[in-house]
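Inspection log for the structure reproduced underneath, given as structure tokens.
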Amino acid sequence: MLTSSLTRGGKWSSASLAFLSIAVVQAVLNIALEACLIYKLHGRFDFTLAHTTFDSGFICAQVGALMLAVMALHVRSEPLATAATALDILLVVLQAAQLAQTGVLHVEVLQAVGICALVLGSAAKAWLTCRRLKKEFGWQVYRALGADLGMQRMFFCQQLLLALVIVA
């Protein structure tokens, strides 16, 4: 069965732990920066509910990206790991859009640091997914399903649809 080795009493590989640690650091850093951003903007006279809603939504999306990364490692799914990385890239675009709209100098530094953390974390997660996790998960799929290419294609399609359903 293709589940986490933690549920079987084992340990995760170094690549899985690196992916998880990058996801956790990225999420904690961005959540802290967004909370600081909400705090700094709250005292301004032109601060609106839209800012709080956007920042709160960004925090929820960051928690969702972290949960998606954990789920990808738990079920040993490369498409889910790729979806977690793609969600991070979407968050970079949203953060850049917010940076363009805010226009407050002392807050732009926080947003720039958040964007840098997202970009670096996304790049590291993409590299780990392509180089290390793909081989590891591929080997586990091969061990579980065998050499039948039809079964492997069906499993990949099922994982891809699962990733699309979760992201949507």
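Overview of values
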{"item": "Those residues of region 124-154 which are touching a residue at least 60 places away in the same chain (Cβ under 8 Å), open to solvent by less than 70 Å² (accessible area, probe 1.4 Å) and either of a type outside the set (S, T, N, Q) or under 20 Å from Q26 (Cα atoms) (or both), in sequence order", "result": "A124, K125, L128, T129, L133, E136, F137, G138, V141, A144"}
{"item": "Residue match in region 55-68 (condition: modelled with pLDDT under 80 and either surrounded by 14 or more Cβ atoms within 10 Å (Cβ to Cβ) or farther than 20 Å from Y39 by Cβ (or both))", "result": "yes"}
{"item": "Boolean, G121 is part of a helix (DSSP H, G or I) and surrounded by fewer than 18 Cβ atoms within 10 Å (Cβ to Cβ)", "result": "no"}
{"item": "Test: A32 is modelled with pLDDT of 85 or more and assigned to a helix (DSSP H, G or I)", "result": "yes"}
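The values are calculated or read from the model by the stated rules, or taken from the named source; none is laboratory data. Small disclaimer: the values here were computed from a predicted structure and weren't measured. As a convention, Cβ positions derive from the backbone with ideal geometry for all residues, glycine included, and neighbour counts pool all protein chains shown. To get the accessible areas, we keep the full protein, side chains included, count just its heavy atoms, and leave off ligands, DNA and RNA. Shrake-Rupley method; radii C 1.70, N 1.55, O 1.52, S 1.80 Å.
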